[in-house]
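Heads up: the structure comes next, in structure tokens.
The values are calculated or read from the model by the stated rules, or taken from the named source; none is laboratory data. Quick caveat, the model's predicted, so the values are computed rather than measured. Heads up, the Cβs are rebuilt from the backbone with ideal geometry, glycines too, and the neighbour counts pull from every protein chain shown. With ligands, DNA and RNA removed, areas are computed over all heavy atoms of the protein, side chains included. Shrake-Rupley method; radii C 1.70, N 1.55, O 1.52, S 1.80 Å.
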Amino acid sequence: MNEQSQKNKKAWEYRAYEFWHKRDGSPMDKANQILKDPIACLKKHKPFFEHVEGKKVANLCGSNGRKAVPLALLGAEVTVFDISEENKKYAMELAECAHTTIDYNVTDIYDMDLNKYKGFFDVLYLEGGILHYFGDIDKLMSILYGLLKNGGVMILSDFHPLRKCILSDGETGYFDTEIKNGDVAYKSFFDEQEQIDFPDVSVRSYTLSEIINSVLSNGFQLKKFDEHRGWKNENIPWEFTILAEK
């Protein structure tokens with residue numbers, strides 16, 4: 001595990017389980033919410049999963065299982081890969097409370113068993129803002145390409161790189177390439193005094209062209225590129241979704 005991944009693992013194993021309880025409620029509470037309408041939990045990605053029954057789905061950086069469990073309830077065979085034991089704890093309890101099963105592997109994506117999973121999955125699903133945790137996007141895309149069956153698809157949704165430029169009036173370093181320290185995503189959910197003890201994450205931002213070109217240069221066929229408004233319908237590019245095929 002490289003230095004960046006070690007830092008991110010340490011950060012995401014610091015009170016993450018407690019955070020999921022703060023944000024989403026207990027695993028039973030979250031499971032009851034999901035059970036009411038599993039496909040609704042996939043939100044803007046619902047159209048990609050209307051016929052997912054029986055398909056092998058890899059949910060990479062799948063966090064606390066909030067997408068993996070709905071997919072399993074829809075009939076997919078779901079394997080989560082994530083760096084945090086704390087995330088796994090919540091996700092496995094969530095699956096149990098929802099009366100379904102997921103396979104959850106705590107690993108650095110860079111260190112995955114590519115012999116075991118080569119050409120294994122029908123669908124790769126990455127969402128929620130994860131690209132910045134990888135300092136080598138081409139290495140990441142090469143691994144993702146290797147995981148897919150021929151004809152398989154990747155659904156990659158992430159924060160729109162232009163979002164920070166708009167919110168900062170252009171003062172952010174859009175073209176910066178260095179790896180920097182930053183706050184773990186849920187740090188602000190805790191009291192200021194408690195925040196002092198939170199470890200930093202290690203992140204590397206990418207431009208939109210770097211992301212798209214990496215997808216293409218590693219063999220994927222780009223099928224669709226969507227841009228999404230803000231979570232409160234703000235009229236700015238907040239997220240994007242790439243649909244690509246092997």
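Each pair of Cα atoms in the range 75-129 enters the Kirkwood radius, and Stokes-Einstein at 10 °C and 1.306 mPa s then converts it into a translational diffusion coefficient of 128 µm²/s. Computing the accessible area with a 1.4 Å probe over protein heavy atoms, can you report the carbon and sulfur percentage for the chain? Carbon and sulfur: 47 percent of the exposed surface of the chain.
Compared with the alpha-carbon gap, the fully stretched path from residue 216 to residue 193 is longer by 3.8 nm at 0.36 nm per residue.
Per-residue Karplus couplings for the range 134-142, computed as 6.51 cos²θ - 1.76 cosθ + 1.60 with θ equal to phi - 60°, are listed in order as 10, x, 10, 5, 5, 4, 4, 5, 5 Hz, Gly and Pro entered as x. A Cα-only calculation for the range 23-80 places Rg and Dmax at 10.9, 31 Å.
Quick check for me: using +1 on Lys/Arg Cβ and -1 on Asp/Glu Cβ, what's the dipole size of the range 132-246 about its Cα centre, in debye to the nearest 20? Here the range 132-246 has a charge dipole of around 740 debye. Straight-line reach only, C-alpha to C-alpha below 20 angstrom: list the lysines that residue 224 could link to, leaving out same-chain residues fewer than 8 apart. List returned: 43, 44, 46, 149, 246.
May I ask for the Rg/Rh ratio of the range 10-54, computed from Cα atoms with Rh as the Kirkwood radius, given to two decimals? Answer for the range 10-54: 1.11. What the phi angles of the range 83-92 give under the Karplus curve with 6.51, -1.76 and 1.60, with θ = phi - 60°, is a coupling list of 8, 10, 5, 5, 5, 4, 4, 5, 4, 5 Hz, glycine and proline written as x. Annotation: the antiparallel percentage among DSSP beta bridges lying fully within the chain is about 50. Normalised radius of gyration (Cα atoms, divided by 2.2 N^0.38 Å) for the range 168-246: 1.43. Mind scanning 116/164; 55/89; 30/56; 30/55 and naming the pairs with a C-alpha gap bigger than 32 Å? Those over the limit are 116/164. Converting the Cα gyration tensor eigenvalues of the chain into ellipsoid dimensions via √(5λ) gives semi-axes, longest first, of 25, 24, 19 Å. In summary, the range 84-220 shows an alpha-carbon radius of gyration equal to 1.21 times the 2.2 N^0.38 Å reference for compact globular proteins. If you run the Gaussian network model on the chain, springs between alpha carbon atoms under 10 Å, then out of 164, 56, 89 the most flexible one is 164. Once the 1.4 Å probe is applied to the protein heavy atoms, the range 39-90 comes out at 38 Å² accessible per residue.
The Cα-based radius of gyration of the range 1-112, divided by its Kirkwood radius, gives an Rg/Rh of 0.98.
Stokes-Einstein diffusion of the range 108-158 at 10 °C, 1.306 mPa s viscosity, Kirkwood radius from Cα pairs, rounded to a whole number: 140 µm²/s.
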